[in-house]
Amino acid sequence: MEKITSLADLKRIKEQVQSKIKLREQSASAEKLVQIRVGMATCGIASGAKETMSFLIEETEHQAIDAVITQTGCMGYCYAEPTVEVTLPGRQPVIFGHVNRERAREIIDRYIIKGELIDGMIPVNFKTIDE
Amino acid sequence: MKTIADHILDIVQNSTRAGANLIEIIVVEDRKRNLYVVEIQDNGAGMSPEVLKQATNPFFTSRKTRKVGLGLSLLKQNAEQAGGGLQLFSAPGKGTTVQATFQFDHLDRPAPGDLAEVFLLAAIGHDKVRFCYRHTTGSGSFSIDTAELAETLGEVSLAVGEVRRAVAELIQNNLEAIGATR
């Protein structure tokens, strides 16, 4: 394949994929999306949140899960970083701690897909991360 | 923080918390003057002189959730260890500029890391914020802007696999073309 070096090349790629992907607007409305927020403050980055977020982006896409993955700050659970907040449609947000690649995979396979509760949730989250 | 890219992602998070919707990341490699300079400019809330004075104190933070604030402190430490330093410019309502300087050939200058990945993670993680990234070396300059990307991509999201990989490749190829340090 040719090297991508300019916006024109990018446009070409975009046109190739445009027909393949199902667009967000047509598929799920915002309420039907799985919302995932990765804690990306100093403590998160130092513990590998960057790898966790990259993995979550790739894996949700690979498994065709309609998810929006964003970053958030730190909510004081620095000892448990990387932390990830998952909000399934119509459910309360749940925060998981120590989310490395393996844990991220477990969260996707068991919590997001099957809705099972798994170990390692941070129990005291009565409110969501807003910092 | 292992790499300069990690630091950038970290400081960007400060900017978004300060309510910025425009964040500029400027990297200048000046081998003639033996400098590696990283600058992050935002249009967020800015800091009062009192807060600014405390900003690099690791035991100061504006957060209520914890008592330490290590982001700027660690960047300052890394910059100073590499024979450089950290400068902050900020005023309430005027945004903030963080400038970290490293000696280019210093053994303790952290590796740049994957700047393309960090740009993408920041842009995908904060889709309401416009990010501009400019990288200059002795042999040229490259810049990329999420507003420009949004225009090119139309309704296709930056988070779509093929697009994400294409943008990463675009950044990496251009950085390579200007001989950016890896």
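Listed conditions (1) within 14 Å of chain B (Cβ to nearest Cβ); (2) assigned to a loop (DSSP other than H, G, I, E, B); (3) under 17 Å from residue A:48 (Cβ atoms) are all met by residue A:99, apart from (1). Residues in the stretch A:54-81 that are within 10 Å of another protein chain (Cβ to nearest Cβ), under 10 Å from the mean Cα position of the chain (by Cα) and touching a residue at least 24 places away in the same chain (Cβ under 8 Å): A:60, A:67, A:68, A:69, A:70, A:71. Right, residue B:71: modelled with pLDDT under 95 and within 21 Å of residue B:126 (Cα to Cα) or not? Considered against the rule, which asks whether it is modelled with pLDDT under 95 and within 21 Å of residue B:126 (Cα to Cα), residue B:71 comes out as yes.
Does residue B:50 qualify as being farther than 16 Å from residue B:3 by Cα, outside any loop (DSSP other than H, G, I, E, B) and of a type in the set (Asp, Glu)? Against the criterion (farther than 16 Å from residue B:3 by Cα, outside any loop (DSSP other than H, G, I, E, B) and of a type in the set (Asp, Glu)), residue B:50 qualifies. Here B:123, B:100, B:111 are screened, and the one residue that is touching a residue at least 40 places away in the same chain (Cβ under 8 Å), surrounded by 21 or more Cβ atoms within 10 Å (Cβ to Cβ) and closer than 30 Å to residue B:167 by Cα is B:100.
Residues are listed down the side, and each one gets a yes or a no for (1) farther than 18 Å from residue B:117 by Cβ; (2) surrounded by 16 or more Cβ atoms within 10 Å (Cβ to Cβ):
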| residue | (1), (2) |
| --- | --- |
| A:46 | no, yes |
| A:64 | yes, no |
| A:97 | yes, yes |
| A:109 | yes, no |
| A:118 | yes, no |
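Within the stretch B:131-149, the set of residues being away from chain A (no Cβ under 13 Å) and hydroxyl-bearing (Ser, Thr, Tyr) comprises B:133, B:136, B:137, B:139, B:141. Considered as a group, the residues in the stretch B:158-182 that are exposed (fewer than 14 other Cβ atoms within 10 Å of the Cβ) and among the small types (Gly, Ala, Ser) include one that is modelled with the lowest pLDDT, and that residue is B:161. Within the stretch B:150-157, identify whether any single residue is crowded, with 16+ Cβ neighbours inside 10 Å, in contact with a helix residue (DSSP H, G or I) (Cβ under 7 Å, 6 or more places away or on another chain) and more than 11 Å from chain A (Cβ to nearest Cβ), and answer yes or no. Among the residues of the stretch B:150-157, not one is crowded, with 16+ Cβ neighbours inside 10 Å, in contact with a helix residue (DSSP H, G or I) (Cβ under 7 Å, 6 or more places away or on another chain) and more than 11 Å from chain A (Cβ to nearest Cβ), which makes the answer no.
Checked against (1) crowded, with 17+ Cβ neighbours inside 10 Å; (2) within 14 Å of another protein chain (Cβ to nearest Cβ); (3) within 25 Å of residue B:120 (Cα to Cα), residue B:19 passes all but condition (1). Selection of first residues in the stretch B:159-182 that are among the acidic types (Asp, Glu) and of second residues that are not in a helix (DSSP H, G or I), restricted to Cβ pairs under 8 Å at least 6 apart or on distinct chains, gives the following pairs, ordered by first then second residue: B:169/A:3; B:169/A:4. Residue count for the stretch B:13-55 under the criterion of being closer than 24 Å to residue A:50 by Cα and of a type outside the set (A, V, I, L, M): the result is 13.
Here is a yes/no grid of residues against (1) within 18 Å of residue B:144 (Cα to Cα); (2) β-branched (Val, Ile, Thr); (3) touching a residue at least 60 places away in the same chain (Cβ under 8 Å):
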{"position": "B:5", "(1), (2), (3)": "yes, no, yes"}
{"position": "B:10", "(1), (2), (3)": "no, no, yes"}
{"position": "B:17", "(1), (2), (3)": "no, no, no"}
{"position": "B:21", "(1), (2), (3)": "yes, no, yes"}
{"position": "B:30", "(1), (2), (3)": "no, no, yes"}
{"position": "B:36", "(1), (2), (3)": "no, no, yes"}
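In this structure, does residue B:64 turn out to be surrounded by fewer than 20 Cβ atoms within 10 Å (Cβ to Cβ) and either within 13 Å of chain A (Cβ to nearest Cβ) or acidic (Asp, Glu) (or both)?
Values: surrounded by fewer than 20 Cβ atoms within 10 Å (Cβ to Cβ): yes; either within 13 Å of chain A (Cβ to nearest Cβ) or acidic (Asp, Glu) (or both): yes.
Spelling it out, residue B:64 is indeed surrounded by fewer than 20 Cβ atoms within 10 Å (Cβ to Cβ) and either within 13 Å of chain A (Cβ to nearest Cβ) or acidic (Asp, Glu) (or both).
Among the residues of the stretch A:68-84, those that are buried (at least 20 other Cβ atoms within 10 Å of the Cβ) and under 18 Å from residue B:128 (Cβ atoms) comprise A:69, A:71, A:72, A:73. Kindly indicate whether any position in the stretch B:73-84 is crowded, with 19+ Cβ neighbours inside 10 Å, within 14 Å of chain A (Cβ to nearest Cβ), touching a His at 6+ places or on another chain (Cβ under 7 Å) and of a type in the set (A, V, I, L, M, F, W, C). For the stretch B:73-84, residues crowded, with 19+ Cβ neighbours inside 10 Å, within 14 Å of chain A (Cβ to nearest Cβ), touching a His at 6+ places or on another chain (Cβ under 7 Å) and of a type in the set (A, V, I, L, M, F, W, C): present. Looking only at the stretch B:1-47, how many residues end up being more than 12 Å from residue B:112 (Cα to Cα), among the β-branched types (Val, Ile, Thr) and part of a helix (DSSP H, G or I)? Matching residues across the stretch B:1-47 total 3.
The values are calculated or read from the model by the stated rules, or taken from the named source; none is laboratory data. Computed from a prediction, not measured in an experiment: that's the story for all the values here. Every residue, glycine as well, gets a Cβ built from its backbone with ideal geometry; the counts of neighbours run over all protein chains shown.
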